[in-house]
Every structure is written in structure tokens, then in C-alpha cells.
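In what follows, a structure is listed as C-alpha cells, so that the remarks can point back to it.
The values are calculated or read from the model by the stated rules, or taken from the named source; none is laboratory data. What you see is a predicted model; the values in this text were computed from it and never measured. Don't worry about glycine lacking a Cβ; one is built from the backbone with ideal geometry, like all the others, and counts go over all protein chains shown. These accessible areas exclude ligands, DNA and RNA; they are computed on the full protein's heavy atoms, side chains included. Shrake-Rupley method; radii C 1.70, N 1.55, O 1.52, S 1.80 Å.
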Amino acid sequence: PHTADCVIEAWAPDRASCLAEAADALVEIFANVTDAAATRVLSFALEPATDADMLASLLEEVIYTVEVFNVVPIRVHCSDAEDGGLAGDMEVVPVGRVRPTGPVPKAVSYHELAIGLSPAGWRCQVLVDV
């Protein structure tokens, strides 16, 4: 484990799935959750925003969940809300039940943040301060 910035990328056929993939990729920076079984599910809802703001908000929600509730999301599920926001849930497990692979990220940067529809589907990229 080391302290540095890290760029994550994700892609999927639709925006909500791409955001969920990005959240899962964020977790891979600091924890191996491969064999973990969820102990509870935490719901979340994000206000309508630009795609970039939605990506940053979701990743900040993951970091907040780890820091405040001392749990790690092992799977993130997202769907577009009727109001233009994002709704979903995180299957979580206590921090002590996963193998740490690095420090928990501190913040999401808008520098190098990109999300949009490409010919192959939705893609995103974000710089994370670890």
C-alpha cells in the first residue's frame, strides 16, 4: 500500500451500470471483497445533477460509508431515478471482514473526471486521492 493518486475507469451499456462499476472499482483500490458475504444493505439516493457530479457524488458516498459506518461495499447497485437522480443500494460487510489492499481513498477529484456515452456504451474515468 502507498499514498498516491489513482485513476479508475469503468464502462457499461448504460449510465447507471457504469456508475455502479465505478463504485466497485473504487473499492478495489483498498479492499479485496471477492469472498466476502454481505451482512446488510444500505440504500442511497442522489439528487439530480450532471453526469460528472453524479459520478463524484456516488464515489464520495462510498468513501463516506466506509469512514462513517465502518463497512465496505462489496457490490453497488444503481438505477436512474424518475426525478433524474440516482437510486441504489450497497451490499456491505464490516471492514474487518475484508482483506485490505491499500489505504481508503480520501477524496474524488474533478481533475481528469470524465463520463459520457461512447460508441461502445457509457465510459467514465476519475482521479481519486488515496
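Please determine whether any residue of the stretch 85-94 is open to solvent by 20 Å² or more (accessible area, probe 1.4 Å), over 16 Å from Ala10 (Cα atoms) and either without any contact (Cβ under 8 Å) to a residue 24 or more places away in the chain or among the charged types (D, E, K, R) (or both).
Scanning the stretch 85-94 turns up at least one residue that is open to solvent by 20 Å² or more (accessible area, probe 1.4 Å), over 16 Å from Ala10 (Cα atoms) and either without any contact (Cβ under 8 Å) to a residue 24 or more places away in the chain or among the charged types (D, E, K, R) (or both).
Inside the stretch 115-128, can you point out the residues that are of a type outside the set (Val, Ile, Thr) and surrounded by 14 or more Cβ atoms within 10 Å (Cβ to Cβ)?
Trp122, Arg123, Cys124, Gln125, Leu127
Can you tell which of Val62, Val71, Val27 is more than 17 Å from Asp129 (Cβ to Cβ), open to solvent by less than 40 Å² (accessible area, probe 1.4 Å) and either in contact with a strand residue (DSSP E or B) (Cβ under 8 Å, 6 or more places away or on another chain) or of a type in the set (S, T, N, Q) (or both)?
Selected residue: Val71, the only one of Val62, Val71, Val27 that is more than 17 Å from Asp129 (Cβ to Cβ), open to solvent by less than 40 Å² (accessible area, probe 1.4 Å) and either in contact with a strand residue (DSSP E or B) (Cβ under 8 Å, 6 or more places away or on another chain) or of a type in the set (S, T, N, Q) (or both).
Taking the stretch 3-24 as the search range and keeping residues that are in a strand (DSSP E or B) and over 22 Å from Ser118 (Cα atoms), which one is least open to solvent (accessible area, probe 1.4 Å)?
Checked the stretch 3-24; the qualifying residue least open to solvent (accessible area, probe 1.4 Å) is Cys6.
Residues are listed down the side, and each one gets a yes or a no for (1) among the β-branched types (Val, Ile, Thr); (2) modelled with pLDDT under 95; (3) over 21 Å from Ala81 (Cβ atoms):
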residue: Phe30; (1), (2), (3): no, no, yes
residue: Val33; (1), (2), (3): yes, no, yes
residue: Thr39; (1), (2), (3): yes, no, yes
residue: Ala45; (1), (2), (3): no, no, no
residue: Ala49; (1), (2), (3): no, no, no
residue: Ser57; (1), (2), (3): no, no, no
residue: Ile63; (1), (2), (3): yes, no, yes
residue: Glu67; (1), (2), (3): no, no, yes
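Would a scan of the stretch 34-46 turn up a residue that is open to solvent by 20 Å² or more (accessible area, probe 1.4 Å), free of Cβ contacts under 8 Å to residues at least 60 places away in the same chain, assigned to a helix (DSSP H, G or I) and charged (D, E, K, R)?
For the stretch 34-46, residues open to solvent by 20 Å² or more (accessible area, probe 1.4 Å), free of Cβ contacts under 8 Å to residues at least 60 places away in the same chain, assigned to a helix (DSSP H, G or I) and charged (D, E, K, R): absent.
What number of residues in the stretch 72-130 are farther than 19 Å from Glu61 by Cβ and either β-branched (Val, Ile, Thr) or in a loop (DSSP other than H, G, I, E, B) (or both)?
5
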